Amino acid sequence: MAFFSDSDIASTNKAGLRSRNAQPMLTESRAPTPAGTPFDLGGTQAYETWRGWKFADYPKTAADLIVEVRDPLCLTVAEHKAIIEHCYKANMALYACLGGDIGSKETVARLGQQFGLRHLDNNLCADNDSITSVRVMPSGRQHEYIPYSDRPLRWHTDGYYNRPQQQIQAFIMHCVRDADSGGENALLDPEIVYLLVRDENPAYVRALMQPDAMTIPANVEQGIEIRGAESGPVFSVDTNTGALHMRYTARRRSILWKNDPVLRAAVCFLEDMLSGDCPYILRHCLKPGQGLICNNVLHTRAGFKDDTTTDHGRLLYRARYYDRIVGT
Ligand SMILES: [Fe+2]
């Protein structure tokens, strides 16, 4: 959710939708905790108002977030509104196509456009159209990376190794074919994580907002550096949209945390939260024609099994965007 004044939040309706006429309050500076907003660590009123709204009627299961859509190329007003409402509240929605060409990348691109998602991240393993086919790759560059295997993926937000100017604000993960078994995703809203961390200890939030909190070392393939080291905060507030952004990976290797005792304690708290029974973690196994559209929520993927005698294994299309979902 972009940050708004107290009165904006107070005027949200039961579904959590802000008045269409209310304008987001933009920051003028790059202060990590903008004054007067829910992310102002020095203030409590805006935070408490937002916190109360956020926890009230929060979705209890992934099924609460599913929106059936007749044709993903051309959503009805009601379908579009339902997806926006879920994303406004929980930063994510699941859609289930009842028709349309679910095996087409064009479907994914056109779906994203209906939510203002236009600027695709052309990451290392993306296809020529910047949308990535996520499937088991027995050889080649992708073979070196866990997403292109059947192994489990730890908690992360997408693009945590991206440059600061190219942070991933949103992504769509669209299922064309599911696995014979496994492949479930766990999902967690970064705003909920922020709230739980701040409730535990506001100093943890401050530590996680340090610009050098987390460093991902350079990516070197066969002696050639294909991406430099990237340092950045875990939590940051976008100065254009006022929205909270989270950059995180639970990987243990190839990551350097700043040597700071408070940060260390904060990271331990995060790890405990993510490995425990946090009631806000939602779980869903995408079926063909289903997808996740979200403001880069934290997610995992369970390992899976496929019939390796055919080339019809699990296939997801993943589109990563520099845009945030409009209206959320
Ligand atoms: Fe991911």
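Over all pairs of different C-alpha atoms, the chain has a mean inverse distance whose reciprocal, the Kirkwood radius, equals 20.4 Å.
How large is log10 I(q)/I(0) at q = 0.14, 0.17, 0.23 Å⁻¹ when the Debye formula is applied to the Cα atoms of the range 233-328, each weighted equally and without solvent? So the normalised log intensities work out to -0.80, -1.09, -1.40. Charges were assigned to the Cβ only: +1 to each Lys and Arg, -1 to each Asp and Glu. The resulting dipole of the chain about its Cα centre is roughly 140 debye.
Neighbour counts of C-beta atoms inside 10 Å place 284, 143 in the sequence 143, 284, starting with the fewest. The listed peptides 256-262, 312-318, ordered by packing as a protection proxy, come out as 312-318, 256-262 (highest mean of other Cβ atoms within 10 Å first).
Each peptide in 243-250, 199-206 receives the mean, over its residues, of other Cβ atoms within 10 Å, and ordering these scores from highest gives 243-250, 199-206.
Cα gyration tensor of the range 30-163, axes a ≥ b ≥ c as square roots of the eigenvalues: rounded (a/c below 1.5), prolate (a/b > b/c) or oblate? Judged from the Cα gyration tensor, the range 30-163 comes out oblate (a/c at least 1.5, b/c at or above a/b).
Under the definition of Cα pairs under 8 Å and six or more residues apart, what whole-number percent is the relative contact order of the range 63-321?
Values: 487 pairs, mean separation 86.8, N = 259.
Value for the range 63-321: 33 percent.
Peptides 151-159, 293-301, 221-229, ordered by how many other C-beta atoms sit within 10 Å of their residues on average, highest first, read 293-301, 151-159, 221-229. The residues packed around residue 116, meaning those with a beta-carbon under 13 Å from its beta-carbon, carry a net charge of +2 if Lys and Arg are +1 and Asp and Glu are -1. Inter-label distance, residue 326 to residue 144: 3.8 nm, where each label sits 7 Å from its Cα along the C-beta direction.
Once you've got the GNM for the chain with C-alpha springs shorter than 10 Å, pick whichever of 275, 130, 236 has the biggest mean-square fluctuation. Residue with maximal mean-square fluctuation among 275, 130, 236: 275.
The alpha-carbon of residue 54 sits under 20 angstrom from the alpha-carbons of these lysines, leaving out residues fewer than 8 places away in its chain: 14, 81, 89. Largest mean-square fluctuation among 288, 147, 190, in a Gaussian network model of the chain whose springs join Cα atoms under 10 Å apart, belongs to 147. Modelled label positions at residue 78 and residue 287, each set 7 Å beyond Cα in the direction of Cβ, lie 2.1 nm from each other. Taking the Cα of residue 124, stepping 7 Å toward and past its beta carbon, and measuring to each backbone N in the range 228-256: which are under 12 Å? Counting only backbone N, you get 228-230.
Each reported figure results from applying straightforward, stated rules to the coordinates on display, with no laboratory input. What you are looking at is a predicted structure, and each value in this text was computed from that prediction instead of being measured. Using ideal geometry, Cβ is built from the backbone for each residue, glycine included, and neighbour counts are taken over all protein chains shown.
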